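*Asks:* Got a structure here, written out as structure tokens. Questions coming.
Every number in this text was worked out from the coordinates using simple rules, so none of it is lab data. Every value quoted in this text rests on a predicted model; they were computed, and no experiment measured them. Ideal geometry is used to build each Cβ from the backbone, glycine not excepted, and the neighbour counts take in all protein chains shown.
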Amino acid sequence: MSPHRIHFNSPRAAGRELANMARALESGHISGDGEFTRKCRDLLKQELGATDVLLTTSCTHALEMTALLLELKPGDEVIVPSFSFVSTANAFALHGARPVFADVRPDTLNLDERRLEELITPRARAVVVVHYAGVGCEMDAILAAARARGVAVIEDNAHGLFGKYRGRWLGTFGAAATQSFHETKNFTCGEGGALLVNEPRWRARAEILREKGTDRGRFFRGEVDKYSWVDIGSSYLPSDLLAAFLLAQLEQRAAIQAKRKALWHGYRDGLADWAAARGAQLPVIPAHCESAYALFHLLLPSAEERDALMAHLKARGISSVFHYLPLHLSKMGRTFGGQPGQCPVTESVCDRLLRLPFHNGLAEANQAEVIEAMRAFRPG
């Protein structure tokens, strides 16, 4: 049993999840690409304006699909932020590419576009951006640098669904973008993801890659009289039971986002003077960005103070967590040339970052208790 009364995350139903799953069972179709998979796809495609949307079993698998679409070869390079989850790099390393680790900005913790050009060598094939906490990277500068050197931009948009950069949806800037519906995300089906295809020439092949390398999709649309093995691929289709759960979440997107926005501002307003007095940095949302409100984090002055604050909250029954470790300093990252000092902002941030309880079911009273506990913290 967890020692925490206030959990860091607590996935909740938002509407018709159970009714949708029962309907899927009654339909006799619970494998991939059933009624609810199509409805999720249509909703996201219409809302975001993507060329195509393909639900996947995870954001990791969606990233692996982008690696296949890029047709990577050994020796190719893919630029990724060191401050990210392992899948951001692993999906491309798995298919023979060498990840090149980029540092992040000290304000938004997004890939530092000011250092991007120096990382793009003749071997570079793609730049992967991560919209950390649902705040958009500086896409104008990133796209300009990538286009000038002929490399693709891929958005790891695991945090960013329904966030915006200069009035445009995150996930619609790169040749492709990936989404996560893991239980820690704004919208969940436990485990799941999606690939947003924005590059029209990738559309047909993405469907084939997702269907085990077959043209099965064309068969079901009546475009061919039988389907066969036509390309490489794997099985990236989620069960329609998961899509049934997810659809109910997506249908409640306005209410979910309003709740998360209120929680985010509740923390920021309740901790502003405390952070200023302690020398802690609260999240930064540039004026030209609209956050997706994926999480609430803060940076403490030192690793020791971060760890002491985590222990203080735990003693009060409140769960708080750190986030990524530097990819370039991991065991695998070092095999690709990662070394200390390569990404100094990432190395500093990872030691000092703390995430507070933040989920769709967090009650105002519980948030007030977290804020009170934070304000009562006295570092030794």
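*Asks:* Can you give me the long-range amide H partners of Asp52? Hydrogens built in the peptide plane at 1.01 Å from N, cutoff under 5 Å, separation of 5 or more residues or another chain.
*Replies:* Val197
*Asks:* So, with +1 on the Cβ of K and R and -1 on the Cβ of D and E, and no other charges, what is the size of the charge dipole of the range 164-298 about its Cα centre, to the nearest 20 debye?
*Replies:* Values: 19 positive and 14 negative charges, 66 e Å.
Result for the range 164-298 is approximately 320 debye, rounded to the nearest 20.
*Asks:* If you don't mind, there's one more thing I want to ask. Is the shape of the range 81-226 rounded, prolate or oblate, going by the alpha carbon gyration tensor and its root eigenvalues a ≥ b ≥ c, with a/c under 1.5 for rounded and a/b larger than b/c for prolate? Can you show the working numbers first?
*Replies:* Details: a/c = 1.88, a/b = 1.46, b/c = 1.28.
Here the range 81-226 falls in the prolate category.
*Asks:* Give me a comma-separated list of calculated 3J(HN,Hα) values for the range 107-112, in order, Karplus coefficients 6.51, -1.76, 1.60 applied at θ = phi - 60°, integers in Hz, x for any Gly or Pro.
*Replies:* Along the range 107-112, the couplings run 8, 8, 6, 8, 3, 7 Hz.
*Asks:* Separate question: With r as the distance between the Cβ atoms of Lys226 and Ala13 and R0 = 56 Å, compute the FRET efficiency 1/(1 + (r/R0)^6) and round to 0.05.
*Replies:* Values: r = 41 Å, r/R0 = 0.73.
Efficiency, from the Cβ-Cβ distance: 0.85.
*Asks:* If you don't mind, there's one more thing I want to ask. Taking 0.36 nm per residue of sequence separation and subtracting the Cα-Cα distance, how much length would be gained by fully extending the chain between Arg334 and Arg218, in nm to one decimal? Please report the intermediate quantities before stating the final value.
*Replies:* On the way: separation 116, 0.36 × 116 = 41.76 nm, distance 4.36 nm.
Stretched out fully, the Arg334 to Arg218 stretch lengthens by 37.4 nm.
*Asks:* What size of dipole, in debye to the nearest 20, comes out for the range 253-375 about its Cα centre when the only charges are +1 on Lys and Arg C-beta atoms and -1 on Asp and Glu C-beta atoms? Please list the in-between numbers first.
*Replies:* Working: 14 positive and 11 negative charges, 73 e Å.
It works out to roughly 340 debye.
*Asks:* Considering only DSSP beta bridges with both partners in the chain, what is the antiparallel share in %, to the nearest 5? If you can, show how the numbers build up before the last one.
*Replies:* Working: 22 of 39 bridges.
Bridges in the chain are about 55 percent antiparallel.
*Asks:* Follow-up question, since we're still on this one. State to the nearest 20 debye the size of the charge dipole of the chain about its Cα centre, where the only charges are +1 on K and R beta carbons and -1 on D and E beta carbons.
*Replies:* Values: 45 positive and 43 negative charges, 34 e Å.
Around 160 debye, computed over the chain.
*Asks:* While we're here: Divide, for the chain, the radius of gyration over alpha carbons by 2.2 N^0.38 Å, where N is the residue count.
*Replies:* Values: Rg = 21.1 Å, N = 380, 2.2 N^0.38 = 21.0 Å.
The value comes to 1.00.
*Asks:* Lysine pairs in the chain with Cα distance under 17 Å, only those 8 or more apart or on different chains: how many are there?
*Replies:* Values: Lys45/Lys164; Lys164/Lys185; Lys164/Lys261; Lys185/Lys259; Lys185/Lys261; Lys212/Lys226.
Lysine pairs meeting both conditions in the chain amount to 6.
*Asks:* Name the residue, out of Lys259, Lys212, Lys226, whose mean-square fluctuation peaks in a Gaussian network model built on the chain with Cα pairs under 10 Å.
*Replies:* Lys226
*Asks:* At what distance in nm do the modelled label points of Ala262 and Ala287 sit from each other, each positioned 7 Å from its Cα along Cα→Cβ?
*Replies:* 2.9 nm
*Asks:* Taking amide H positions as placed 1.01 Å from N in the peptide plane, with prolines and chain starts having none, which residues 5 or more places from Ala124, or on another chain, fall under 5 Å of its amide H?
*Replies:* Glu77
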